[in-house]
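Participant: Sharing a structure below in structure tokens format, with a few things to ask.
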Amino acid sequence: MSFLEVENVSKVFLEPNGQSLCVFKTVRLHIEKGQFVTMVGHSGCGKSTLLNIIAGLETASAGAIILDGKETDTAGLDRMVVFQNFSLLPWMSVYENIRLAVRAAYPQWDRGKVHDYVQRYVHMVGLSESEHKKPAALSGGMRQRVGLARAFAVQPKVLLLDEPFAQIDALTRGAIQDELMRMWTATKNTVFMVTHDVEEAILLSDKIALMTSGPEAELAEIVDVKFPRPRLREEITELAEYARIKKYIIQFLKNCSREMPAGDATTGLDAVAVGQQLAAEV
């Protein structure tokens, strides 16, 4: 039995006209303890919906989520989500946002122990000089560092990352990805992430799950990423195997885009992104 099992999970939404829309069907994905698994696919394939089902924020229409041997369908501190929109409490400082989560996870700890523990994670993400600032005074990259620190501090069984770098500029994104790799190496959390960024998926992951296009999307295959860790971006991007994996995934996404209905507004942006990545390779 794997540490996290997604067993034949499907999701159907009821549309305003009364018709049913199957976003994805019978997804089966097994993640071992300590693995970093990323799901890639076009918009509309249900990546974020599946992540929310694992988190207990959404209900599956069929199938089950089994974590550490127990079926779960409600939210809990054993699964922490880092959202792309940062999701910080705007009236609280960096320190207070992290402390709130720590106090919820460890209610038996005294004030001094909570303080020392929060300080450790504030320092870990390089925000010691900004710990008393509120989110409005932080850059996007700094806000997402707070989100990562808050999630890691709880020490969840599974860390769920919902396109966590989508709203961060390209230069900052690389630095935060490196920060995430460093934190993950130190903690060995089990991680499930969804992203549109193929290069990001290869850099961070042990395995990449490829979804076909929605509606009625399916998990097509799992791509193994076997580069040794710790990884340096400058080194792995020069490897022939890196280029092979990148080309394979982009071609998969390109083939999926050909199957999309013409004028599908939910997938157009992703098709453009795939085209840009293919053009960059030439």
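The values are calculated or read from the model by the stated rules, or taken from the named source; none is laboratory data. Remember, it's a predicted structure, so these values are computed and weren't measured experimentally. Note that each Cβ is placed from the backbone with ideal geometry, even for glycine, and that neighbours are counted across all protein chains shown.
Participant: Being out of contact with any helix residue (DSSP H, G or I) (no Cβ under 8 Å at 6 or more places or on another chain) and at pLDDT 90 or above is the filter; apply it to region 77-95 and report the residue that is farthest from Pro156 (Cα to Cα). If you could, list the steps in order and put the result at the bottom.
Facilitator: Start the filter on region 77-95 by keeping residues that are out of contact with any helix residue (DSSP H, G or I) (no Cβ under 8 Å at 6 or more places or on another chain), which leaves 78, 84-85, 91, 93.
Now narrow it down to the ones that are at pLDDT 90 or above: 78, 91, 93.
Values: Asp78: 4, Trp91: 25, Ser93: 22 Å.
By that ranking, first place goes to Trp91.
Participant: Any chance region 11-23 includes a residue that's within 15 Å of Ala64 (Cβ to Cβ) and modelled with pLDDT of 95 or more?
Facilitator: The answer is yes, given that some residue of region 11-23 is within 15 Å of Ala64 (Cβ to Cβ) and modelled with pLDDT of 95 or more.
Participant: Given (1) out of contact with any Gly (no Cβ under 8 Å at 6 or more places or on another chain); (2) surrounded by fewer than 17 Cβ atoms within 10 Å (Cβ to Cβ); (3) at pLDDT 85 or above, identify the lone condition not met by Gly275.
Facilitator: It fails just one condition, (3).
Participant: Quick one: is Val9 touching a Pro at 6+ places or on another chain (Cβ under 8 Å) and either surrounded by 15 or more Cβ atoms within 10 Å (Cβ to Cβ) or more than 25 Å from Ala166 (Cα to Cα) (or both)? If you could, list the steps in order and put the result at the bottom.
Facilitator: Values: touching a Pro at 6+ places or on another chain (Cβ under 8 Å): no; either surrounded by 15 or more Cβ atoms within 10 Å (Cβ to Cβ) or more than 25 Å from Ala166 (Cα to Cα) (or both): yes.
Considered against the rule, which asks whether it is touching a Pro at 6+ places or on another chain (Cβ under 8 Å) and either surrounded by 15 or more Cβ atoms within 10 Å (Cβ to Cβ) or more than 25 Å from Ala166 (Cα to Cα) (or both), Val9 comes out as no.
Participant: Run down Ala153, Ala136 and say which single residue is exposed (fewer than 14 other Cβ atoms within 10 Å of the Cβ), farther than 17 Å from Arg173 by Cα and of a type in the set (A, V, I, L, M, F, W, C). Steps first, answer last, please.
Facilitator: Numbers: Ala153 fails: exposed (fewer than 14 other Cβ atoms within 10 Å of the Cβ).
None of the other options fit; the residue is Ala136.
Participant: Same structure, new question: Output the number of residues of region 15-33 satisfying the condition of being in contact with a helix residue (DSSP H, G or I) (Cβ under 9 Å, 6 or more places away or on another chain) and not aromatic (Phe, Trp, Tyr).
Facilitator: In the first step, residues of region 15-33 are kept if they are in contact with a helix residue (DSSP H, G or I) (Cβ under 9 Å, 6 or more places away or on another chain); the result is 23-24, 27, 29.
From the residues that got through so far, the ones that are not aromatic (Phe, Trp, Tyr) too are 23, 27, 29.
So the answer is 3.
Participant: Can you spot a residue in region 204-226 that is of a type in the set (A, V, I, L, M, F, W, C), touching a Ser or Thr at 6+ places or on another chain (Cβ under 8 Å), surrounded by 20 or more Cβ atoms within 10 Å (Cβ to Cβ) and under 22 Å from Asn85 (Cβ atoms)?
Facilitator: Yes, region 204-226 has at least one match.
Participant: Can you confirm whether His115 is closer than 26 Å to Ser257 by Cα and out of contact with any Gly (no Cβ under 6 Å at 6 or more places or on another chain)? It would help to see each step written out before you state the result.
Facilitator: Details: closer than 26 Å to Ser257 by Cα: no; out of contact with any Gly (no Cβ under 6 Å at 6 or more places or on another chain): yes.
Taking the combined requirement at face value, the residue does not satisfy it.
Participant: Follow-up. What residue, of Ala186, Ala166, is among the small types (Gly, Ala, Ser), at pLDDT below 95 and in contact with a Ser or Thr (Cβ under 9 Å, 6 or more places away or on another chain)?
Facilitator: On the way: Ala186 fails: in contact with a Ser or Thr (Cβ under 9 Å, 6 or more places away or on another chain).
When all the criteria are applied, what remains is Ala166.
Participant: Among residues belonging to region 117-132 that are in contact with a helix residue (DSSP H, G or I) (Cβ under 6 Å, 6 or more places away or on another chain) and not in a helix (DSSP H, G or I), point out the one that is farthest from Ala186 (Cα to Cα).
Facilitator: Glu131
Participant: What are the residues in region 160-192 that are within 15 Å of Phe86 (Cα to Cα), aliphatic (A, V, I, L, M) and in contact with a strand residue (DSSP E or B) (Cβ under 7 Å, 6 or more places away or on another chain), if any?
Facilitator: Leu160, Leu161
Participant: Working carefully through the options Gly147, Gly141, find the one that is farther than 29 Å from Val6 by Cα, of a type in the set (Gly, Ala, Ser) and in a helix (DSSP H, G or I). Walk me through how you get there before you give the answer.
Facilitator: Values: Gly147 fails: farther than 29 Å from Val6 by Cα.
Being farther than 29 Å from Val6 by Cα, of a type in the set (Gly, Ala, Ser) and in a helix (DSSP H, G or I) holds for just one of Gly147, Gly141, which is Gly141.
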